Amino acid sequence: YDGREKAPMGATPELFLDENGSPLSRPGAMRSGLSVGVPGVLAALKLVHDEYGKLPWAALFQPAIKLARDGFQVSPRLSKMLSSAGADSFAPSARDYFFDADGRPHQPGFTLKNPQLADTFEIVARDGADAFYEGAIATDIAKAVQNDPRQPGTLSIEDMKNYRAVPRAPLCVPYRGRNVCGAGPPSSGAVAVGQVLRLVEPFDLGAPPFTPEAAHVIAEAERLAYADRARYLADPDFVPVPLEGLLDQDYLAGRRALIDKTRAQDKVEPGKPPVVPPSAFGRDRTKERGGTSQVSVVDGAGDAFSLTTSIEHAFGARTMVRGFLLNNQLTDFSFLPKDALGRPIANRVQPGKRPRSSMDPTMVFGKDGALEFVLGSPGGPGISLFNLKTLFALIDWQMNAADAAALFNFGSTQD
């Protein structure tokens, strides 16, 4: 279920360029109305609840409403993050919530209450997700974006009203007798993970936790996958993504031949998968920031759920509306619409388009089709690396779930 944010209909491919055609600074773009996409997670959750939910919709909000009204104690980590961010990078509404009158972050142990968020939850609990996408809440979101004192965006009431979450088929790849299923485009997660798994499958990855030789082979395969990601992966509603070509066995065999077990490649270029002309797109040089939350659940009835959700960077666009922070997801688009040769970049900004992500909620099924593992990860562009580490630990090195998750992260996204 795809609840990825969308670019407003007023967005253009030049959204993140200055008057001279140069890319804006990433921090400046992130902390402004320019970066706010049409929020999608609530629509996706409602879509899932309509199909699978067992509790009443309103009941789901009650613990969060209580926590927002009663408050929670600021942790040392939150206080430190706020101190590092600085009060001046926040829009006034968010600054007033997270900082005191002198611009100092609330200290560890301070009880932080959010009655506005409790009110918002009560409205959505009572009236459904439509109350978020239409009416007063949507109006306030649009006003906050369009009147951002740092730099306004174009998100409108109509953008909110017209948003739809969509079901998408999972992308599944066989690996060592299992079926590894994750999120396909506009996320790059399952494609990158699938490519790496197929690239390394013929290699012996050694004994747990892993050898330097195994780490090298995995990292080289990841570099190949991320080079393809940078050229070909984007919103499939706008770009012809060559999924079959990128996962084609003959194509991957050619890519695998580039892996030298004794040394790293000096430079990794995108491949030329079948179907899509290799010159169709330029290469996206976007360097996304890390963030994200992951929930993986298997309940007593055997029902499984994997959710990757995010407002992008910590504190999102640093703008608060009715008690919640707005996202800065549009900075996952390429800031440049074309490469140096004038070729359009697949992940460029376009009105109504979803930015590419790395999110990869994953389920692994055994030979008999039974569920074996549910996983996922935070980490922005590192999500695929972290998921791959866990998959190799679980499958190749036969570690238990706790040890696999605790194993230190490694890998490479660099060309």
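Brief remarks on what is shown
- Residues that are buried (at least 19 other Cβ atoms within 10 Å of the Cβ) and either touching a residue at least 40 places away in the same chain (Cβ under 8 Å) or assigned to a loop (DSSP other than H, G, I, E, B) (or both), drawn from segment 105-116: N114
- The residues in segment 180-218 that are under 19 Å from V241 (Cβ atoms), in a helix (DSSP H, G or I) and open to solvent by 20 Å² or more (accessible area, probe 1.4 Å) can be counted, and the count is 1.
- Single unsatisfied condition, A87 versus (1) farther than 27 Å from S32 by Cβ; (2) open to solvent by less than 70 Å² (accessible area, probe 1.4 Å): (1)
- Test: residue in segment 302-312 that is at pLDDT 90 or above, in contact with a Ser or Thr (Cβ under 7 Å, 6 or more places away or on another chain) and farther than 30 Å from P270 by Cβ: no
- Only one entry in D102, D88, D50, D96 is in a loop (DSSP other than H, G, I, E, B) and charged (D, E, K, R), namely D102.
- Residue pairs meeting the criteria (Cβ under 8 Å; at least 6 apart or on separate chains; first more than 15 Å from L388 (Cα to Cα) and open to solvent by less than 80 Å² (accessible area, probe 1.4 Å), in segment 160-179; second acidic (D, E) and part of a loop (DSSP other than H, G, I, E, B)): M160/E134
- Sole residue being within 30 Å of G369 (Cβ to Cβ) and among the hydrophobic types (A, V, I, L, M, F, W, C), chosen from A165, A131, A136: A165
- Residues considered: D266, D250. Of these, the only one that is open to solvent by 60 Å² or more (accessible area, probe 1.4 Å), of a type outside the set (A, V, I, L, M, F, W, C) and not in a loop (DSSP other than H, G, I, E, B) is D250.
- Selection within segment 330-345 - within 20 Å of G3 (Cα to Cα), touching a residue at least 60 places away in the same chain (Cβ under 8 Å) and in contact with a Lys or Arg (Cβ under 8 Å, 6 or more places away or on another chain): T331, F333
- When every residue of segment 117-133 is checked against the conditions, at least one turns out to be surrounded by fewer than 22 Cβ atoms within 10 Å (Cβ to Cβ), touching a Gly at 6+ places or on another chain (Cβ under 6 Å) and assigned to a helix (DSSP H, G or I).
- Residue match in segment 339-361 (condition: over 30 Å from P13 (Cβ atoms) and in contact with a helix residue (DSSP H, G or I) (Cβ under 9 Å, 6 or more places away or on another chain)): no
The values are calculated or read from the model by the stated rules, or taken from the named source; none is laboratory data. Computed from a predicted structure; not experimentally measured. When we count neighbours, we look across all protein chains shown, and the Cβ atoms used for this are built from the backbone with ideal geometry, even at glycine. We work out accessible area using only protein heavy atoms, side chains counted, and drop any ligands, DNA or RNA first. Shrake-Rupley method; radii C 1.70, N 1.55, O 1.52, S 1.80 Å.
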